[in-house]
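Chemist: Below is the structure I would like to discuss, written out as structure tokens.
The values are calculated or read from the model by the stated rules, or taken from the named source; none is laboratory data. Since we're looking at a predicted model, the values are computed, not measured. Neighbour counts are summed over all protein chains in view; Cβ atoms, including those assigned to glycine, are modelled from backbone coordinates with ideal geometry. The area values use the complete protein model at the heavy-atom level, side chains included, leaving out ligands, DNA and RNA. Shrake-Rupley method; radii C 1.70, N 1.55, O 1.52, S 1.80 Å.
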Amino acid sequence: MTLIEEDSQGEVPRHVAIIMDGNGRWARNRGKPRLFGHHKGVENVRRVVDAAKEADVPYLTLYAFSVENQNRPKDEVTGLMRLLREFLKKEIRNMVKDGVRLRTIGDVAGLPEYAQKIVEEAVEKTKSNDSWNLTLALNYGSRQETLNAIRVYAEKISSGKASPKELNWDTFSSYLYTAELPDPDLIIRTSGEHRLSNFLLLQAAYAEIYVTPDPWPEFTADKFHLALQDYASRERRYGKTGEQIRLKSSISETPVSV
Ligand code: IPE
Ligand code: IPE
Ligand code: MG
């Protein structure tokens with residue numbers, strides 16, 4: 001991957017990443033426990049996956065659980081892990097049937113063993129699929145991902161298998177959890193907060209950001225389509241001028257690499 005990818009100028013984003021926020025508040029506003037909101041949130045995943053497929057978005061990444069979410073009350077964390085297990089149990093067969101390739105980003109080894117097992121099974125059973133790409137961010141943190149990449153790379157240097165002089169973005173990004181994924185074109189955050197919460201900080205360098213006040217359980221297929229419409233109306237300039245971007249010839253210029 002080049003330092004800044006400029007090839008994604010289409011009307012439909014190639015990669016949409018969603019910060020699925022607001023389950024807890026949605027439930028609390030209805031006088032229900034937070035886990036009820038998470039339950040509804042999981043049900044919504046299926047709807048949005050279908051909407052993304054229908055819209056021909058080939059890569060969808062869902063922020064399901066952050067490293068920092070581990071600091072929530074124990075029963076909420078356990079509830080989330082059980083929901084993850086139930087979701088995957090139900091969906092493995094559909095993913096295999098529909099040609100969906102499931103990937104994960106994050107420190108899966110930091111999940112409880114029963115969750116790890118089902119995650120590994122789903123990844124393994126779908127690894128030769130190539131019709132569509134679903135990625136779950138599980139126990140994910142962008143800073144932790146970066147440190148992990150640096151650690152692995154530094155070990156290569158100390159064993160003489162890599163040289164710091166040759167370090168460029170292509171090399172570095174190949175050590176990130178997202179090595180096989182294109183950068184996100186569109187990041188959607190539900191429930192109104194204007195922040196990234198440690199999600200894809202490096203990969204989001206030129207992502208378009210869309211924040212909706214709708215909490216995740218109410219983020220319907222129609223709302224997803226609205227986000228895509230908004231994306232289609234944006235002009236991605238990658239540091240250039242609008243005039244340059246509108247001149248087709250500038251699109252084929254080689255981006256600067258370091
Ligand atoms: C998102 O909803 C799901 C996870 C972070 C696991 P929240 O649980 O963060 O919901 P709010 O933000 O408290 O409403
Ligand atoms: C981000 O939401 C993480 C996920 C959606 C999984 P949070 O609810 O954890 O983010 P903050 O704490 O409001 O920044
Ligand atoms: Mg939240």
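Chemist: Report the residue count in the stretch 186-207 for those that are polar (S, T, N, Q), within 10 Å of ligand 2 (Cβ to nearest atom) and farther than 20 Å from residue 28 by Cβ. Before you say what the answer is, go through the steps one by one.
Modeler: Here is the first cut: in the stretch 186-207, the residues polar (S, T, N, Q) are 190-191, 197-198, 203.
Going one step further and asking which of them are within 10 Å of ligand 2 (Cβ to nearest atom), we end up with 190-191, 197-198.
When the remaining residues are screened for being farther than 20 Å from residue 28 by Cβ, the result is 198.
Looking only at that region, the number is 1.
Chemist: Please tell me if residue 59 is within 16 Å of ligand 2 (Cβ to nearest atom), at pLDDT 95 or above and of a type in the set (Phe, Trp, Tyr). If you could, list the steps in order and put the result at the bottom.
Modeler: Details: within 16 Å of ligand 2 (Cβ to nearest atom): no; at pLDDT 95 or above: yes; of a type in the set (Phe, Trp, Tyr): yes.
Answer is no for this residue.
Chemist: Could you check how many residues of the stretch 56-72 are away from ligand 3 (no atom under 16 Å from the Cβ) and closer than 15 Å to residue 216 by Cβ? Reasoning before the result, please.
Modeler: Looking only at the stretch 56-72, we keep the residues that are away from ligand 3 (no atom under 16 Å from the Cβ), and these are 56-61.
Of the ones still in play, those that are also closer than 15 Å to residue 216 by Cβ are 60-61.
Here the count works out to 2.
Chemist: Restricting to the stretch 10-63, and then to whatever is under 19 Å from residue 196 (Cα atoms) and among the β-branched types (Val, Ile, Thr), can you tell me which residue is surrounded by the fewest Cβ atoms within 10 Å (Cβ to Cβ)?
Modeler: 19
Chemist: If I ask for residues that are touching a residue at least 24 places away in the same chain (Cβ under 8 Å) and either within 16 Å of ligand 2 (Cβ to nearest atom) or not small (Gly, Ala, Ser) (or both), which ones from the stretch 208-226 would you list?
Modeler: So in the stretch 208-226, the residues touching a residue at least 24 places away in the same chain (Cβ under 8 Å) come out as 208, 210, 212, 214-221, 224-225.
Of everything in the stretch 208-226, those that are touching a residue at least 24 places away in the same chain (Cβ under 8 Å) and either within 16 Å of ligand 2 (Cβ to nearest atom) or not small (Gly, Ala, Ser) (or both) turn out to be 208, 210, 212, 214, 215, 216, 217, 218, 219, 220, 224, 225.
Chemist: Here's a follow-up. Would you mind finding the one in 161, 165 that is more than 16 Å from ligand 1 (Cβ to nearest atom), open to solvent by 50 Å² or more (accessible area, probe 1.4 Å), on the phi < 0 side of the Ramachandran plot and assigned to a helix (DSSP H, G or I)? Steps first, please.
Modeler: On the way: 161 fails: assigned to a helix (DSSP H, G or I).
Checking each option against the conditions leaves just 165.
Chemist: Also: Has the stretch 41-55 got any residue that is within 16 Å of ligand 3 (Cβ to nearest atom) and in contact (Cβ under 8 Å) with a residue 60 or more places away in the chain?
Modeler: yes
Chemist: Looking at (1) over 16 Å from residue 179 (Cβ atoms); (2) open to solvent by 10 Å² or more (accessible area, probe 1.4 Å), which one does residue 134 not meet, given that it meets all the others?
Modeler: For residue 134, the exception is condition (2).
Chemist: Kindly provide the set of residues from the stretch 190-209 that are of a type outside the set (Phe, Trp, Tyr), under 21 Å from residue 103 (Cβ atoms) and surrounded by 16 or more Cβ atoms within 10 Å (Cβ to Cβ), ordered by number.
Modeler: Scanning the stretch 190-209 gives 196, 198, 200, 202, 203, 204, 207.
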